[in-house]
Amino acid sequence: MGFKTDIEIAQECKMKPITEIAKTAGIPEEYIEQYGKYKAKVDLSLLKDGKKEDGKLVLVTAITPTPAGEGKTTTTIGLSDGLKRIGKKVVVALREPSLGPVFGVKGGAAGGGYAQVVPMEDINLHFTGDFHAIGAANNLLAAMLDNHIHQGNALGIDTRKITWKRCVDMNDRQLRNIVDGLGGRINGVPREDGFDITVASEIMAVLCLATSITDLKERLSKIIVGYNFKDEPVTAGQLKAAGAMTALLKDALKPNLVQTLEGTPAFVHGGPFANIAHGCNSVTATKMALKLSDYTVTEAGFGADLGAEKFLDIKCRYAGLTPSAVVIVATVRALKMHGGMDKKAL
């Protein structure tokens, strides 16, 4: 008899109602916004209303992993379940998976084996709609930028120096570099353009560092979209886009609450890539987990030389966080790769 697959294990799990998980975490009912039976968002007001002192923060990182990136999420979840098993009050904080890697070589990012967050399929797919909201805000800014140029270009934006791209949450190399605005005057100004994957949008990084709606709006307004003919930066604030973008992101800013296979409360929120941003879940989710638990176990993307460094130098500095411990994952496959073994032999 063979081993069960991750999805078979996840589907056999008898999940607890999310209200029960919220109770375990110590979240009063009035802060919960349910998305069906097993998912919820938690209102940000819990951060200022919570009376408990912050617990200890544990970061899980790794030596440079294999292309599949295995190890960190599974260890993070397993460690959290282990701490819960010995009677500690623990909450785990993870990133949301991007549809690009989910449908690509890497696959899902909800852990593996008996160390998973559930509902696994929901988390790996549309979840609570955060990534759709980020994509909409990103593309609204792109549309307002091109409309501004079409309507007379009062800011004098140089179309050869536009840095803002559109986005889609998929690995679609065909869209990386395009020419748009074709079809005559009523269809815009022709120019070179491109698409990023949604998690590579600056809006994702901004959302994960923001501490409130006001802070989010202020950060969005500072996004540079390109340069004018004098080589001066042009911002989203100058295009008067920040308010509308914030409106699209108001629910996405709230952390998502789910559970591990063993019923440990888990915040899965935000997902910036570590190679272009800081590669950690949101500040709001981490702070909320610390407010609720004695131990918060979280992870940073990629290896320690990238994700952990950015976690410590960017996220911790911005949010005033100090980890109490760091766990370094070193899988046998990753060690083989470090030693120069051929990828096919791994």
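The values are calculated or read from the model by the stated rules, or taken from the named source; none is laboratory data. Remember, predicted model here, so these are calculated numbers, not experimental data. Don't worry about glycine lacking a Cβ; one is built from the backbone with ideal geometry, like all the others, and counts go over all protein chains shown. Quick note on the areas: whole protein, heavy atoms, side chains included, nothing else; ligands and nucleic acids left out. Shrake-Rupley method; radii C 1.70, N 1.55, O 1.52, S 1.80 Å.
So if I check each of V199, V225, which one is crowded, with 23+ Cβ neighbours inside 10 Å, among the hydrophobic types (A, V, I, L, M, F, W, C) and in contact with an Asp or Glu (Cβ under 9 Å, 6 or more places away or on another chain)?
Numbers: V225 fails: in contact with an Asp or Glu (Cβ under 9 Å, 6 or more places away or on another chain).
Testing whether each residue is crowded, with 23+ Cβ neighbours inside 10 Å, among the hydrophobic types (A, V, I, L, M, F, W, C) and in contact with an Asp or Glu (Cβ under 9 Å, 6 or more places away or on another chain) leaves just V199.
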For this session: Output yes when any residue across segment 124-146 is touching a strand residue (DSSP E or B) at 6+ places or on another chain (Cβ under 6 Å) and not in a helix (DSSP H, G or I), and no when none is.
Result: yes
Problem set entry | Filtered residue count, segment 282-319, keeping only those that are part of a loop (DSSP other than H, G, I, E, B) and either open to solvent by 10 Å² or more (accessible area, probe 1.4 Å) or in contact with a helix residue (DSSP H, G or I) (Cβ under 7 Å, 6 or more places away or on another chain) (or both) | 4
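Give the residue that is farthest from G194 (Cα to Cα), with candidates limited to residues of segment 228-247 that are open to solvent by 50 Å² or more (accessible area, probe 1.4 Å) and of a type in the set (A, V, I, L, M, F, W, C). Steps first, please.
If we filter segment 228-247 for residues that are open to solvent by 50 Å² or more (accessible area, probe 1.4 Å), which is where we start, we get 229-233, 238, 240, 247.
Filter again for of a type in the set (A, V, I, L, M, F, W, C), leaving 229, 247.
On the way: F229: 21, A247: 25 Å.
Per the criteria, the residue is A247.
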Exercise. Can you name the residue in segment 202-217 that is over 16 Å from N275 (Cα atoms) and either without any contact (Cβ under 8 Å) to a residue 24 or more places away in the chain or in contact with a Cys (Cβ under 9 Å, 6 or more places away or on another chain) (or both) and is also least open to solvent (accessible area, probe 1.4 Å) among such residues?
Worked result: D215
Seminar exercise, completed: Of the residues in segment 1-55 that are touching a Leu at 6+ places or on another chain (Cβ under 8 Å) and among the charged types (D, E, K, R), the one that is farthest from F267 (Cα to Cα) is K52
Exercise. Do you know which of the residues in segment 82-97 that are buried (at least 20 other Cβ atoms within 10 Å of the Cβ) and in contact with a Ser or Thr (Cβ under 7 Å, 6 or more places away or on another chain) is farthest from H269 (Cα to Cα)?
Worked result: K84
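Among the residues of segment 118-133 satisfying the criterion of being in contact with a Phe, Trp or Tyr (Cβ under 9 Å, 6 or more places away or on another chain) and over 16 Å from T74 (Cα atoms), which is most open to solvent (accessible area, probe 1.4 Å)? I'd like the intermediate steps shown before the answer.
Keep residues of segment 118-133 that are in contact with a Phe, Trp or Tyr (Cβ under 9 Å, 6 or more places away or on another chain), which gives 118-119, 122, 127-129.
Restricting the remaining residues to those that are over 16 Å from T74 (Cα atoms) gives 122, 127-129.
On the way: D122: 57, F127: 22, T128: 18, G129: 22 Å².
Here the residue is D122.
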For this session: Report, ordered by the first and then the second residue, all pairs with beta carbons closer than 6 Å, sequence separation of six or more or different chains, a first member in segment 1-29 that is over 21 Å from K88 (Cβ atoms) and at pLDDT 90 or above, and a second member that is part of a helix (DSSP H, G or I) and open to solvent by less than 70 Å² (accessible area, probe 1.4 Å).
Result: A10/M120
Seminar exercise, completed: By residue number, the members of segment 248-264 that are buried (at least 17 other Cβ atoms within 10 Å of the Cβ) and of a type in the set (K, R) are K254
Exercise. Given the conditions (1) open to solvent by less than 40 Å² (accessible area, probe 1.4 Å); (2) modelled with pLDDT of 95 or more; (3) under 15 Å from the mean Cα position of the chain (by Cα), which single one is not true for A274?
Worked result: (2)
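Can you confirm whether V326 is free of Cβ contacts under 8 Å to residues at least 40 places away in the same chain and either more than 25 Å from I27 (Cβ to Cβ) or open to solvent by 70 Å² or more (accessible area, probe 1.4 Å) (or both)?
Details: free of Cβ contacts under 8 Å to residues at least 40 places away in the same chain: no; either more than 25 Å from I27 (Cβ to Cβ) or open to solvent by 70 Å² or more (accessible area, probe 1.4 Å) (or both): yes.
Answer is no for this residue.
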Seminar exercise, completed: Of the residues in segment 56-70, those that are over 27 Å from G320 (Cα atoms) and either open to solvent by 10 Å² or more (accessible area, probe 1.4 Å) or of a type in the set (G, A, S) (or both) come to P65, P67, A68, G69, E70
Problem set entry | Residue check for I149: touching a residue at least 24 places away in the same chain (Cβ under 8 Å), part of a helix (DSSP H, G or I) and over 30 Å from P101 (Cβ atoms) | yes
Exercise. Any residue at all in segment 99-107 that is of a type outside the set (D, E, K, R), buried (at least 21 other Cβ atoms within 10 Å of the Cβ) and in contact (Cβ under 8 Å) with a residue 60 or more places away in the chain?
Worked result: no
